[in-house]
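Undergrad: Below is one structure. I have some questions about it.
The values are calculated or read from the model by the stated rules, or taken from the named source; none is laboratory data. Just so it is clear, the model here is predicted, and its values are computed rather than measured. Positions of Cβ are backbone-derived with ideal geometry, glycine not excepted, and every protein chain shown enters the neighbour counts. Heads up: the accessible areas ignore ligands, DNA and RNA and are worked out on the full protein's heavy atoms, side chains in. Shrake-Rupley method; radii C 1.70, N 1.55, O 1.52, S 1.80 Å.
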Amino acid sequence: MAGCQRSGDDRNKADTQPPAAATNLTEIEMSSPTLARVLQRGHLLCGVHEGLVGFAYTDNKGNWRGFDVDFCRATAAALFGDPDAVRFVPLTAAQRFQYLSEGRVDVLWRNTSWTMSRDSSGELTFAGINYYDGQGFLVRRSLNLSSATELNGARVCVHANSTNELNAEDFFRTRQIEVRPVILPTEEEARQTYLREGCDALTGDVSALAAARSLMTDPRQHVLLPEVISKEALGPVVRAGDERWANVIRWVLNALISAEELGLTQDSVMRIKEGEGSADVQRLLGYEGEFGPRLGLSREWARDAVAASGNYGEIFERNIGRQSALGLERGLNAQWNAPESGLIYGLPIR
């Protein structure tokens, strides 16, 4: 069974830090049992991938790193003023929703696709989108393929309990391409089967395929085919029925996105004083308005979140962008007003 894992400094701080939001817990409990439970516990339980380079993984010192991990830390900082007030719970695709529904994690920051069936189940609430992805195919360069339409007769590895299995089936069926699916219980088993040449192609989210390729002995011998066969809007998920808690997660995400748009970075955010910068900056940093207390948090919640992990762009570039081993372009994940006109758009704090 997957358990909680934390780095050395994490193990002590989260158990001793008092909640930064020193508000009436009785009132909070009435409007958000989850938020009250998290504040009383003194740390966040964050469900993450069990091991996906760039998104959630442990380094050689046992410290959690990655894109989703940084969002967990930012959430903890918004809640407690301490990015280490979090325990990471590694979960497989099959485990994630069960753990969330049972209250064994407070939030999933775990590359989860927002779909109608999940959203309308009555059990889950998606709090936003932190990564726009799509499904693709990874093949060996030696096969000399230029398109997924050339995979007729090929063995295609895909992991079960994900949107990838259905997407691949739809793609090949509508094009009347006969393939031999090799369905594996987990992403890791799908990757290992591909590496053992138990299949000719590996399908999954393009980001996950890029992560898998970065770990191969010679990444240059594997290529991503040009087709992106689905829209995978990935984002944080909470249990349905606690809208105030969903709002906390939603606005932490939007604060990090807005910080990039406003030019606030991990290094600069703590140096800006009251009265400096635009009204949007002053509201984000808690100098104007009571936006944090409305959520049950401190006035400095957004400032603390940005100081913990950086703005959205910093999180992206450090973990999966051009500064990382994955080397992914921003593409759709660029800001809406950037030259490349992406889809990342922070809702206004006002």
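Undergrad: Picking from Ala74, Ala78, Ala20, Ala14, which residue would you name as being assigned to a helix (DSSP H, G or I) and at pLDDT below 95?
TA: Values: Ala74 fails: at pLDDT below 95; Ala78 fails: at pLDDT below 95; Ala20 fails: assigned to a helix (DSSP H, G or I).
After applying the criteria, what remains is Ala14.
Undergrad: Being without any contact (Cβ under 8 Å) to a residue 60 or more places away in the chain and over 30 Å from Pro90 (Cα atoms), is that true of even one residue in region 293-301?
TA: Yes, region 293-301 contains a residue that is without any contact (Cβ under 8 Å) to a residue 60 or more places away in the chain and over 30 Å from Pro90 (Cα atoms).
Undergrad: To continue, here is another question. Looking at Val228, Val238, Val223, which one is in a strand (DSSP E or B), open to solvent by 20 Å² or more (accessible area, probe 1.4 Å) and touching a residue at least 40 places away in the same chain (Cβ under 8 Å)? Steps first, please.
TA: Values: Val228 fails: in a strand (DSSP E or B); Val238 fails: open to solvent by 20 Å² or more (accessible area, probe 1.4 Å).
Going through Val228, Val238, Val223 in turn, just one is in a strand (DSSP E or B), open to solvent by 20 Å² or more (accessible area, probe 1.4 Å) and touching a residue at least 40 places away in the same chain (Cβ under 8 Å): Val223.
Undergrad: If you don't mind, there's one more thing I want to ask. How many residues are in a loop (DSSP other than H, G, I, E, B), within 15 Å of Leu143 (Cβ to Cβ) and out of contact with any helix residue (DSSP H, G or I) (no Cβ under 7 Å at 6 or more places or on another chain) when one looks only at region 175-197?
TA: Within region 175-197, residues that are in a loop (DSSP other than H, G, I, E, B), within 15 Å of Leu143 (Cβ to Cβ) and out of contact with any helix residue (DSSP H, G or I) (no Cβ under 7 Å at 6 or more places or on another chain) number 1.
Undergrad: Within region 23-44, restricting attention to residues that are assigned to a loop (DSSP other than H, G, I, E, B) and open to solvent by 30 Å² or more (accessible area, probe 1.4 Å), which residue is modelled with the lowest pLDDT?
TA: First, pick out the residues of region 23-44 that are assigned to a loop (DSSP other than H, G, I, E, B): 23-24, 32, 42-43.
Now restrict to residues that are open to solvent by 30 Å² or more (accessible area, probe 1.4 Å): 23-24.
Details: Thr23: 49, Asn24: 67.
Among those residues, the one meeting the criterion is Thr23.
Undergrad: Moving on. Tell me the residue from Leu184, Leu143 that is over 22 Å from Val53 (Cβ atoms) and either touching a Lys or Arg at 6+ places or on another chain (Cβ under 7 Å) or not hydroxyl-bearing (Ser, Thr, Tyr) (or both), please. Step through it out loud before you land on a result.
TA: Numbers: Leu184 fails: over 22 Å from Val53 (Cβ atoms).
Being over 22 Å from Val53 (Cβ atoms) and either touching a Lys or Arg at 6+ places or on another chain (Cβ under 7 Å) or not hydroxyl-bearing (Ser, Thr, Tyr) (or both) holds for just one of Leu184, Leu143, which is Leu143.
Undergrad: Among the residues of region 85-120, which ones are open to solvent by 40 Å² or more (accessible area, probe 1.4 Å), out of contact with any helix residue (DSSP H, G or I) (no Cβ under 9 Å at 6 or more places or on another chain) and either free of Cβ contacts under 8 Å to residues at least 24 places away in the same chain or among the hydrophobic types (A, V, I, L, M, F, W, C) (or both)? Let's see the steps before the verdict.
TA: In the first step, residues of region 85-120 are kept if they are open to solvent by 40 Å² or more (accessible area, probe 1.4 Å); the result is 87, 94-95, 97-98, 101-102, 104, 114, 116-117, 119-120.
Filter once more, so that each one left must be out of contact with any helix residue (DSSP H, G or I) (no Cβ under 9 Å at 6 or more places or on another chain): 94-95, 98, 101-102, 114, 116-117, 119-120.
Across region 85-120, the qualifying residues are Ala94, Gln98, Glu102, Trp114, Met116, Ser117, Asp119, Ser120.
Undergrad: Going through region 47-78 one residue at a time, which ones are polar (S, T, N, Q) and surrounded by 24 or more Cβ atoms within 10 Å (Cβ to Cβ)?
TA: Restricting attention to region 47-78, the residues satisfying the condition of being polar (S, T, N, Q) are 58, 60, 63, 75.
Within region 47-78, Thr75 is the sole residue that qualifies.
Undergrad: If you don't mind, there's one more thing I want to ask. If you take the residues of region 121-149 that are under 21 Å from Phe67 (Cα atoms) and aromatic (Phe, Trp, Tyr), which of them is most open to solvent (accessible area, probe 1.4 Å)?
TA: Within region 121-149, the first condition is being under 21 Å from Phe67 (Cα atoms), and the residues that meet it are 125-136.
Narrowing the set further to residues that are aromatic (Phe, Trp, Tyr) leaves 126, 131-132.
Values: Phe126: 8, Tyr131: 14, Tyr132: 58 Å².
Checking each candidate, the answer is Tyr132.
Undergrad: Additional query: Of all residues in region 322-342, which are open to solvent by less than 10 Å² (accessible area, probe 1.4 Å) and within 19 Å of Cys72 (Cβ to Cβ)?
TA: Asn333, the sole residue that qualifies.
Undergrad: Another question about this same structure. If I ask for residues that are assigned to a loop (DSSP other than H, G, I, E, B), open to solvent by less than 40 Å² (accessible area, probe 1.4 Å), on the phi < 0 side of the Ramachandran plot and small (Gly, Ala, Ser), which ones from region 254-313 would you list?
TA: Residues satisfying the conditions are Ser268, Ser298.
Undergrad: Please pick out the residue among Gly47, Gly103 that is outside any loop (DSSP other than H, G, I, E, B), at pLDDT 95 or above and small (Gly, Ala, Ser). Walk me through how you get there before you give the answer.
TA: Working: Gly103 fails: outside any loop (DSSP other than H, G, I, E, B).
The unique qualifying residue is Gly47.
Undergrad: Then there's this: Taking into account only those residues within region 174-186 that are farther than 16 Å from Ser147 by Cα and either free of Cβ contacts under 8 Å to residues at least 40 places away in the same chain or exposed (fewer than 14 other Cβ atoms within 10 Å of the Cβ) (or both), which is farthest from the chain's Cα centre (by Cα)?
TA: Arg180
Undergrad: Return yes when Ala201 is surrounded by 20 or more Cβ atoms within 10 Å (Cβ to Cβ), farther than 28 Å from Leu45 by Cα and not aromatic (Phe, Trp, Tyr) and no when it is not. So that I can check it myself, show each step before the final result.
TA: On the way: surrounded by 20 or more Cβ atoms within 10 Å (Cβ to Cβ): yes; farther than 28 Å from Leu45 by Cα: yes; not aromatic (Phe, Trp, Tyr): yes.
Criteria met by Ala201.
Undergrad: Something else: Filter region 99-138 down to the residues that are touching a strand residue (DSSP E or B) at 6+ places or on another chain (Cβ under 8 Å), within 18 Å of Glu232 (Cβ to Cβ) and small (Gly, Ala, Ser) and list them by number.
TA: Our first condition is that a residue be touching a strand residue (DSSP E or B) at 6+ places or on another chain (Cβ under 8 Å); within region 99-138, this holds for 99-101, 103-114, 118-119, 123-127, 129-138.
Now restrict to residues that are within 18 Å of Glu232 (Cβ to Cβ): 108-114, 118-119, 124, 126-127, 129-138.
Hits for region 99-138 are Ser113, Ala127, Gly134, Gly136.
Undergrad: Out of (1) more than 21 Å from Leu52 (Cα to Cα); (2) surrounded by fewer than 16 Cβ atoms within 10 Å (Cβ to Cβ), what's the single condition that is false for Thr217?
TA: The one condition Thr217 does not meet is (1).
Undergrad: In region 241-253, which residues are open to solvent by less than 20 Å² (accessible area, probe 1.4 Å) and in a loop (DSSP other than H, G, I, E, B)? Talk me through it step by step, then tell me what you get.
TA: Taking region 241-253 first, the residues open to solvent by less than 20 Å² (accessible area, probe 1.4 Å) are 242, 245-246, 248-249, 252-253.
The one that is open to solvent by less than 20 Å² (accessible area, probe 1.4 Å) and in a loop (DSSP other than H, G, I, E, B): Asp242.
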